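**Q** A single structure is presented below for examination.
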Amino acid sequence: MREALVFHSELDAAAPWVEALNAELPDLDLRVSPDVGDPEAVRYALVWKPPHGFFAPFTNLKLVVNLGAGVDALVARDDLPPVPITRISDPDMSRMMASFVLMAVLRHARDIPLFEKAQREGRWHYVQPRPADEISVGVLGLGELGGTAAAEIARQGFRVSGWSRTPKEIPGVACVSGMEALPAFLRASEILVVMLPLTPATRHILNAETLALLPRGAKLINVARGAIIDEPALVAALRSGALGGATLDVFETEPLPAQSPLWGMENVLITPHLASTAIPKSAAAQIAANIRRIQAGESVANPVDPQRGY
Ligand code: NDP
């Protein structure tokens, strides 16, 4: 019986993934849920938020690949099969994220929202630009996406600091780690970029108390997960001027509910969770490499640790 991979996503089209994986693994039988055929042949699952109980029929499963970088929805489930879990780790996906973050940082650093407002009002509104090396940008989370974004911002000459759980070294980025380093890190971040995974340790890590540590008028960019920030505290900080503005790509509830006060805030840019996406053409090679490792009886690269939550 040919080994099979089952694909499930309600967000991503199956055809480009089937084509890209077929080019890498021509011997693999690629099946798109719900058309899964004989479940006993299924060895690999490439999934984004499959329904509860999805994995139960696949008794010979050897690997679950999360169709994206954020695994919070997957590792929080109580029906996870006891097999290795990996995520998409793809330099093209990191570049896509880094370019979005850079756009957002530059937008705040160059006061673009002020000029958009002035234009709407027909006002010529000169504001002296500040050199990048006088503007401090803090990046929370220095993983595959966060580390790449921090390096990209540093390349533009900003004064960049980064915060992670364990010590890191990134050229041009002043790296600190651990909870004890967080308050001083926040106090120094005029522009704060949130790139942490959502885990029990990071849920609401930005709340009324920690947001108050940021310099008055600081700008916040969240491209990670909405629930890392206590949303009512964020709204209050934006209303009071404690925060000067925000670029928000992710929210506690998505799509952002129509009644959210964030929609109507002039100092907020809302984008619908698209800072970066998994790209079949470039990600397929890395998925295929992990499948070949399983076939050779080796351990997978970049495993997710469900206990750690990322
Ligand atoms: P990684 O898992 O590669 O890295 C996570 C980083 O966060 C690491 O540096 C890690 O520290 C740090 N971290 C985790 N927990 C803590 C903690 N408790 N305290 C301090 N630091 C911590 O993630 P990526 O960089 O690849 O991605 C980040 C997130 O971006 C994803 O989890 C996902 O939610 C989100 N995302 C959003 C997308 C969008 O379109 N908006 C698209 C893709 C991803 P250490 O290095 O020490 O382990």
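**Q** Given Cβ point charges of +1 (Lys, Arg) and -1 (Asp, Glu) and nothing else, what value in debye, to the nearest 20, does the dipole of the chain about its Cα centre take? Kindly include the intermediate steps, with their values, before the conclusion.
**A** Values: 28 positive and 34 negative charges, 174 e Å.
Dipole about the Cα centre, nearest 20: 840 debye.
**Q** On to the next question. Pick from 185, 251, 115: which is most flexible by mean-square fluctuation in a GNM of the chain where alpha carbon atoms under 10 Å apart are linked?
**A** Checking each option, the largest mean-square fluctuation is seen for 115.
**Q** Is there a quick way to get the dipole size of the stretch 92-270? I mean about its Cα centre, with the Cβ of Lys and Arg at +1 and of Asp and Glu at -1; what is the value in debye to the nearest 20? Mind dumping the intermediate values first?
**A** Numbers: 17 positive and 18 negative charges, 64 e Å.
It comes to approximately 300 debye.
**Q** Put +1 on the Cβ of each Lys and Arg and -1 on the Cβ of each Asp and Glu in the chain; which of 63, 127, 182 then has its Cα farthest toward the positive end of the dipole?
**A** 127
**Q** Then there's this: For the stretch 92-270, what % of the accessible area comes from carbon and sulfur atoms, probe 1.4 Å? Write down the numbers at each step before the final one.
**A** Values: 4910 of 8640 Å².
Roughly 57 percent, rounded to a whole number.
**Q** Turning to a different aspect of this structure: Can you tally the net charge around residue 172? Count Lys and Arg as +1, Asp and Glu as -1, for every other residue whose Cβ sits under 13 Å from the Cβ of residue 172.
**A** After counting each charged neighbour, the total is 0.
**Q** Then there's this: What is the distance in Å between the Cα centres of the stretch 216-291 and the stretch 108-184?
**A** If you average the Cα positions of each part, the centres end up 16 Å apart.
**Q** Excluding residue 222 itself, what net charge comes from residues whose Cβ is under 13 Å from its Cβ, given Lys and Arg +1 and Asp and Glu -1? If you can, show how the numbers build up before the last one.
**A** Working: positive: 219, 225; negative: 230, 231, 249, 252, 254.
Once positives and negatives cancel, what remains is -3.
**Q** Which one, 96, 265, 195, has the greatest fluctuation when you compute a Gaussian network model over the chain with C-alpha springs under 10 angstrom?
**A** Looking only at 96, 265, 195, the largest GNM fluctuation is found for 265.
**Q** Return the calculated 222 nm mean residue ellipticity for the chain, to the nearest 500 deg cm²/dmol, obtained by summing -39500 (n - 2.57) across DSSP H runs with n ≥ 4 and dividing by the residue count.
**A** On the way: 9 runs with 91 residues, N = 310.
Rounded to the nearest 500, the figure is -8500 deg cm²/dmol.
**Q** If you stretched the chain out fully between residue 266 and residue 120, how much longer would it get, using 0.36 nm times the residue separation minus the C-alpha to C-alpha distance? Don't skip to the end; give the middle numbers.
**A** Working: separation 146, 0.36 × 146 = 52.56 nm, distance 1.21 nm.
That pair, residue 266 and residue 120, stretches by 51.3 nm at full extension.
**Q** Just name one of 207, 160, 50: the one whose Cα is farthest towards the positive end of the charge dipole of the chain (beta-carbon charges, Lys/Arg +1, Asp/Glu -1).
**A** Positive-most Cα among the choices belongs to 160.
**Q** Sort the chain into rounded, prolate or oblate with this rule: let a ≥ b ≥ c be the square roots of the eigenvalues of the Cα gyration tensor; rounded if a/c is under 1.5, and if a/c is not under 1.5, prolate when a/b is larger than b/c, oblate otherwise.
**A** Numbers: a/c = 2.10, a/b = 1.97, b/c = 1.07.
Prolate, because a/c is 1.5 or more and a/b exceeds b/c.
**Q** I would also like to ask the following. Would you mind telling me the antiparallel percentage of the DSSP bridges in the stretch 92-270, rounded to 5?
**A** 5
**Q** If I take R0 = 45 Å and measure r between the Cβ atoms of residue 27 and residue 99 in this structure, what FRET efficiency does the formula 1/(1 + (r/R0)^6) give, to the nearest 0.05? Please report the intermediate quantities before stating the final value.
**A** On the way: r = 36 Å, r/R0 = 0.80.
The computed FRET efficiency comes out at 0.80.
**Q** Classify the stretch 92-270 from the C-alpha gyration tensor, please: rounded if a/c falls under 1.5, else prolate or oblate depending on whether a/b exceeds b/c. Could you put the intermediate results ahead of the total?
**A** On the way: a/c = 1.57, a/b = 1.18, b/c = 1.33.
Oblate, because a/c is 1.5 or more while a/b does not exceed b/c.
**Q** Rounded to the nearest 0.05, what FRET efficiency do residue 210 and residue 298 give with R0 = 45 Å and r taken as the Cβ-Cβ distance? Could you check?
**A** On the way: r = 42 Å, r/R0 = 0.92.
In this case the efficiency is close to 0.60.
**Q** Also, quick follow-up: Could you work out the relative contact order of the stretch 92-270, using alpha carbon pairs under 8 angstrom and six or more residues apart, expressed as a whole percent?
**A** Numbers: 323 pairs, mean separation 30.4, N = 179.
RCO, the stretch 92-270: 17 percent.
**Q** Please check the chain for the longest run free of GluC sites (Glu not before Pro) that are loop-located per DSSP (anything but H, G, I, E, B) and have at most 15 other Cβ atoms within 10 Å. All intermediate terms of the calculation are to be shown ahead of the outcome.
**A** Values: sites that count: 10, 121, 169, 266, 298.
Between exposed loop sites, the widest span is 11-120.
**Q** For 310, 126, what's the largest-to-smallest order of accessible area, 1.4 Å probe? Mind dumping the intermediate values first?
**A** Numbers: 310 75, 126 160 Å².
Sorted descending by solvent-accessible area, the residues read 126, 310.
**Q** Not counting ligands, DNA or RNA, and with a 1.4 Å probe, what is residue 291's accessible surface area in Å² rounded to the nearest 10?
**A** The accessible area comes out at roughly 0 Å².
**Q** With a 1.4 Å probe and every protein chain left in place, work out the accessible area per residue of the chain in Å², rounded to a whole number. Walk me through the numbers on the way to the answer.
**A** Working: 14930 Å² over 310 residues.
Ligands and nucleic acids excluded, the result is 48 Å² per residue.
**Q** Using the eigenvalues of the Cα gyration tensor, what equivalent ellipsoid semi-axes result for the stretch 1-126 when each is taken as the square root of five times the eigenvalue, whole Å, largest first? Don't jump to the answer; show the numbers that get you there.
**A** Numbers: eigenvalues 363, 50, 33 Å².
The answer is 43, 16, 13 Å, longest axis first.
**Q** So, one more: So how far apart, in nm, are the two label points at residue 15 and residue 106 if each is 7 Å from Cα heading toward Cβ?
**A** 3.4
**Q** So in the chain, what percent of DSSP beta bridges are antiparallel if you round to the nearest 5? Could you put the intermediate results ahead of the total?
**A** Working: 2 of 46 bridges.
Once the DSSP bridges in the chain are tallied, antiparallel ones form about 5 percent.
**Q** Report, in debye and to the nearest 20, how large the dipole of the stretch 37-153 comes out about its Cα centre when Lys and Arg carry +1 and Asp and Glu carry -1 on their Cβ.
**A** Values: 12 positive and 14 negative charges, 63 e Å.
Its charge dipole is roughly 300 debye.
The values are calculated or read from the model by the stated rules, or taken from the named source; none is laboratory data. Since we're looking at a predicted model, the values are computed, not measured. Note that each Cβ is placed from the backbone with ideal geometry, even for glycine, and that neighbours are counted across all protein chains shown. Calculation scope for accessible area: heavy atoms of the full protein, side chains included, ligands and nucleic acids excluded. Shrake-Rupley method; radii C 1.70, N 1.55, O 1.52, S 1.80 Å.
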